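K.L.:
The structure under discussion is supplied below as structure tokens; questions concerning it will follow.
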């Protein structure tokens with residue numbers, strides 16, 4: 001069963017959250033992004049949503065994305081207050097804190113979907129490609145280096161931040177490796193996935209078009 005835009009609740013409740021399957025959650029986000037790209041966003045009374053969600057929240061998904069200011073998650077998926085959890089960190093990588101947040105979202109708060117979303121022209125990816133060294137950022141970029149090393153290039157292709165095509169391929173590989181890390185480092189999330197209670201999916205956001213592409217691994 002697929003929801004239509006008319007079926008979209010003004011705020012999610014325990015009942016509406018329970019009815020959403022992982023596949024339906026993906027569909028909701030895809031349709032929301034289509035509305036965003038076409039500039040036909042749903043009308044929402046955000047003040048009313050603040051009031052209605054004050055005593056509880058029932059988000060249907062958690063999205064791990066980059067801190068990039070061009071990737072405001074609720075906006076690009078056309079979602080309202082209380083609809084989705086956000087975990088934002090440069091390069092959309094995972095650590096214990098991010099994994100713990102995902103475990104809370106899915107095991108305790110009932111979310112049905114984890115989206116790991118990279119984006120084109122990512123500054124963190126560029127920094128990892130160029131082996132940038134800068135304070136605490138150095139350790140963060142080290143988490144992206146495996147994606148740089150695992151991304152193949154043709155012949156003498158430039159593997160630096162100056163090669164946008166290479167940077168974007170590394171971004172996709174980084175999403176793939178991040179999902180692997182989620183499965184390997186969180187038995188809780190991996191169990192929920194195996195039981196079909198959640199899905200964990202890759203996506204890429206195009207900062208030029210505003211479109212989100214859900215990927216297959």
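The values are calculated or read from the model by the stated rules, or taken from the named source; none is laboratory data. Worth saying up front: this structure is predicted, and the values here are computed from it rather than measured. When we count neighbours, we look across all protein chains shown, and the Cβ atoms used for this are built from the backbone with ideal geometry, even at glycine.
K.L.:
Just to be sure I understand, how many residues within the stretch 203-217 are surrounded by fewer than 20 Cβ atoms within 10 Å (Cβ to Cβ), in contact with a strand residue (DSSP E or B) (Cβ under 9 Å, 6 or more places away or on another chain) and either part of a helix (DSSP H, G or I) or touching a residue at least 60 places away in the same chain (Cβ under 8 Å) (or both)?
P.N.:
Total satisfying the criteria: 5.
K.L.:
Of everything in the stretch 143-154, what is assigned to a helix (DSSP H, G or I) and without any contact (Cβ under 8 Å) to a residue 12 or more places away in the chain? Give them in sequence order.
P.N.:
Across the stretch 143-154, the qualifying residue is only 149.
K.L.:
Condition check: outside any loop (DSSP other than H, G, I, E, B) and either modelled with pLDDT under 95 or out of contact with any strand residue (DSSP E or B) (no Cβ under 8 Å at 6 or more places or on another chain) (or both). Does residue 197 satisfy that? Can you show your working first?
P.N.:
Working: outside any loop (DSSP other than H, G, I, E, B): no; either modelled with pLDDT under 95 or out of contact with any strand residue (DSSP E or B) (no Cβ under 8 Å at 6 or more places or on another chain) (or both): yes.
The answer is no for residue 197.
One line per residue, one yes/no per condition, for (1) at pLDDT 95 or above; (2) within 30 Å of residue 174 (Cβ to Cβ); (3) assigned to a helix (DSSP H, G or I):
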| residue | (1), (2), (3) |
| --- | --- |
| 3 | no, no, no |
| 15 | no, no, yes |
| 26 | yes, yes, yes |
| 33 | yes, yes, yes |
| 48 | no, no, yes |
| 69 | yes, yes, no |
| 78 | yes, yes, no |
| 98 | yes, yes, yes |
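K.L.:
Can you name every residue in the stretch 50-67 that is outside any loop (DSSP other than H, G, I, E, B) and under 11 Å from the mean Cα position of the chain (by Cα)? Even if it seems obvious, please write down each step before you answer.
P.N.:
Taking the stretch 50-67 first, the residues outside any loop (DSSP other than H, G, I, E, B) are 50-52, 61-65.
Matches in the stretch 50-67: 61, 62, 63, 64, 65.
K.L.:
Would you confirm whether any residue within the stretch 155-178 is surrounded by 12 or more Cβ atoms within 10 Å (Cβ to Cβ), at pLDDT 95 or above, part of a loop (DSSP other than H, G, I, E, B) and within 15 Å of the chain's Cα centre (by Cα)?
P.N.:
no
K.L.:
Please go through (1) within 24 Å of residue 142 (Cβ to Cβ); (2) out of contact with any strand residue (DSSP E or B) (no Cβ under 9 Å at 6 or more places or on another chain) for residue 183 and return the number of the only condition it doesn't satisfy.
P.N.:
(2)
K.L.:
Residue by residue through the stretch 100-116, note down the ones that are crowded, with 23+ Cβ neighbours inside 10 Å and not in a strand (DSSP E or B).
P.N.:
At the first step, the residues of the stretch 100-116 found to be crowded, with 23+ Cβ neighbours inside 10 Å are 102, 105-106, 111-116.
Within the stretch 100-116, 102, 105, 106, 111, 112 qualify.
K.L.:
Still on this model: Looking at the stretch 122-142 only, could you name the residues that are under 17 Å from the mean Cα position of the chain (by Cα), crowded, with 24+ Cβ neighbours inside 10 Å and assigned to a helix (DSSP H, G or I)?
P.N.:
Hits for the stretch 122-142 are 124, 125.
K.L.:
Just checking, which of 183, 119 is under 29 Å from residue 25 (Cβ atoms), crowded, with 18+ Cβ neighbours inside 10 Å, in contact with a helix residue (DSSP H, G or I) (Cβ under 8 Å, 6 or more places away or on another chain) and at pLDDT 95 or above?
P.N.:
Details: 183 fails: crowded, with 18+ Cβ neighbours inside 10 Å.
Just one listed residue meets the conditions, 119.
K.L.:
Right, another one. Of the residues in the stretch 80-96, how many are surrounded by 18 or more Cβ atoms within 10 Å (Cβ to Cβ), part of a strand (DSSP E or B) and in contact with a helix residue (DSSP H, G or I) (Cβ under 6 Å, 6 or more places away or on another chain)?
P.N.:
2
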